[in-house]
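Accompanying notes for the structure given below.
The values are calculated or read from the model by the stated rules, or taken from the named source; none is laboratory data. What you see is a predicted model, and the numbers here were worked out from it, not measured in a lab. FYI the Cβ positions are ideal-geometry reconstructions off the backbone, even for glycines, and counts take in every protein chain you see.
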């Protein structure tokens, strides 16, 4: 199915840590080591087989920088190369893209992508703002990601005529999946009235909750995948950027795709999705299951539209009509999404979505398993939509 | 802030005195940049950078319009206010479309939440914002409703 002649990279294994808001007795080194070794054990690989690694983190919870060598040491991989990328929520996507390229070029055959989010380590809430934002003119003046998210949601609602009922429908579906996922953090069943409430409690139910998370993806070349006799899960990934200052999300003249956009839409994601679909040899219509980054429900809807799965402005109705349900047109956030599985920033807001798609493709998603899954999509953003990552994970046969 | 620490404890670079000093014209008067080649206007300033529209490198000082309309707004009385702003809630945070077509992010002051509507006309005012790392007060732009 993939584009002929385009390099092929496969997801061999994946792992995420168990649900927790706090793992105070565990260092971040131990945390990543546990998931890394778990992912390798699943396919019978040893850490000495891994030729290159990358770790996604950010200063919100690891105060030190340049942690690549520390991660390599923690994993027992010294002297192999190990890249550290400080990024916001989509950091796992950037690390995946980096390792993907090393394997696609044939330079290495087996690579490891780690992610770490451990806010109980160092959750200086103030550090949340400057990560990737235009700190001089948002954070310095007292505006955080929370403000960005709220204003973006308002843009979507007012432009396309939705209210909190659409957001509540999104969250309700997420909780339905989350109650069927042992790895989801917030396994609750709120009433429609609670979900639609316009107070702080209702807002908190509809939007993300935070968690600690360590994640690991193992990427391999086609020959390694064949030798390991594992299902061939072909992975493609692409990312694009958007200005870090929210004001410049309006009519940005630096690129035609952004020139008439505003925060209610995701043209940058559409560019990334176009590349990843082309490389994967699919279209949005082929996507059976999607995992998107939904710190607020309306951002999740914008993501479905940016991925081309739903036309612009239609995702609210799509959700309310059951389009994201297990028997809907495109089951979405089957891991429970940010309201239920929870938000883990650089630790796994990208990688945990790949992990869920991996389970869906292998038929290992339990009660939330979608039937006949062949093609999955994942999306994550960072720095409040200033970085958008899109990925396709699909099951293929040898030589396809 | 709390009883023990009644004011913010600047620990991050975004509270840095040099950083706030460098951006003083933007904070005091909404000074951005205009590309001398294509005329495109930018906020925040892009002097020393290039123009994303035409890639030109000659920028001139451009003072953005001090009036505009509220595009979107948030009555921020929930969530995680940035440090030192928690005691000031509810804050009114808004994106503002200035009369010259630039969109900025700012706070609406001297108003109560019920007065705020999309499309309401606003004008820039200068207000005390927070202490920078040396302890000096940092001032910056905010907006208030235009009351005829």
### Task
Could you tell me which of the residues A:26, A:18 is surrounded by fewer than 20 Cβ atoms within 10 Å (Cβ to Cβ) and within 15 Å of residue A:351 (Cα to Cα)?
A:18
#### Entry: Flag for residue A:69 being farther than 17 Å from residue A:217 by Cα and outside any loop (DSSP other than H, G, I, E, B)
yes
#### Entry: Search result, residues across the stretch B:33-43 that are in contact with a helix residue (DSSP H, G or I) (Cβ under 7 Å, 6 or more places away or on another chain) and either modelled with pLDDT under 95 or more than 10 Å from every other protein chain (Cβ to nearest Cβ) (or both)
none
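Would you check which residues across the stretch B:94-141 are assigned to a strand (DSSP E or B), under 26 Å from residue B:40 (Cβ atoms) and either free of Cβ contacts under 8 Å to residues at least 40 places away in the same chain or within 14 Å of chain A (Cβ to nearest Cβ) (or both) and list them?
Matches in the stretch B:94-141: B:94, B:95, B:96, B:97, B:98, B:103, B:104, B:105, B:106, B:124, B:140, B:141.
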### Message
Take the conditions modelled with pLDDT of 95 or more and closer than 25 Å to residue A:146 by Cα and apply them to residue A:341. Does it pass?
### Response
yes
## Note on the structure
Exception for residue A:106 within (1) in contact with a strand residue (DSSP E or B) (Cβ under 8 Å, 6 or more places away or on another chain); (2) modelled with pLDDT of 95 or more; (3) surrounded by fewer than 20 Cβ atoms within 10 Å (Cβ to Cβ); (4) on the phi < 0 side of the Ramachandran plot falls at (4)
### Query
Right, residue B:125: at pLDDT below 95 and within 15 Å of the chain's Cα centre (by Cα) or not?
no
### Sole residue being away from every other protein chain (no Cβ under 13 Å), modelled with pLDDT of 95 or more and surrounded by fewer than 21 Cβ atoms within 10 Å (Cβ to Cβ), chosen from B:29, B:46
B:29
#### Entry: Filtered residue count, the stretch A:245-257, keeping only those that are closer than 17 Å to residue A:271 by Cα and more than 7 Å from chain B (Cβ to nearest Cβ)
6
### Qualifying residue in the stretch A:277-290 (condition: buried (at least 24 other Cβ atoms within 10 Å of the Cβ) and within 13 Å of chain B (Cβ to nearest Cβ))
no
### Task
Scan the stretch A:134-161 residue by residue and report those that are touching a helix residue (DSSP H, G or I) at 6+ places or on another chain (Cβ under 7 Å), under 19 Å from residue A:251 (Cα atoms) and surrounded by fewer than 21 Cβ atoms within 10 Å (Cβ to Cβ).
A:157, A:160
### Message
I'd like the residue in the stretch B:71-93 that is surrounded by 20 or more Cβ atoms within 10 Å (Cβ to Cβ) and modelled with pLDDT of 85 or more and, out of all such residues, is farthest from the other protein chains (Cβ to nearest Cβ).
### Response
B:92
### Message
Whether any residue in the stretch A:126-135 is part of a helix (DSSP H, G or I) and either more than 9 Å from chain B (Cβ to nearest Cβ) or farther than 21 Å from residue A:352 by Cβ (or both) is what I want to check.
### Response
yes
### Query
Of all the residues that make up the stretch A:292-317, how many are assigned to a helix (DSSP H, G or I) and either out of contact with any helix residue (DSSP H, G or I) (no Cβ under 9 Å at 6 or more places or on another chain) or within 17 Å of residue A:272 (Cβ to Cβ) (or both)?
7
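Hey, among A:214, A:184, which residue is assigned to a loop (DSSP other than H, G, I, E, B) and buried (at least 22 other Cβ atoms within 10 Å of the Cβ)?
Within the list A:214, A:184, the selection yields A:184.
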### Query
Can you name the residue in the stretch A:136-157 that is outside any loop (DSSP other than H, G, I, E, B) and touching a strand residue (DSSP E or B) at 6+ places or on another chain (Cβ under 7 Å) and, of all such residues, is nearest to residue A:365 (Cα to Cα)?
A:150
### Query
Which of (1) assigned to a loop (DSSP other than H, G, I, E, B); (2) under 25 Å from residue A:209 (Cα atoms) does residue A:327 not meet, given it meets every other one?
(2)
### Task
Spot the failing condition for residue A:203; the list is (1) within 14 Å of chain B (Cβ to nearest Cβ); (2) in a strand (DSSP E or B), and only one is missed.
(2)
### Matching residues, the stretch A:26-66, being assigned to a helix (DSSP H, G or I) and in contact with a strand residue (DSSP E or B) (Cβ under 8 Å, 6 or more places away or on another chain)
A:28, A:31, A:32, A:34, A:35, A:36, A:38, A:39, A:40, A:42, A:49
#### Entry: Residue selected from the stretch B:51-70 under the condition assigned to a loop (DSSP other than H, G, I, E, B) and within 21 Å of residue B:116 (Cβ to Cβ), by the criterion nearest to the other protein chains (Cβ to nearest Cβ)
B:65
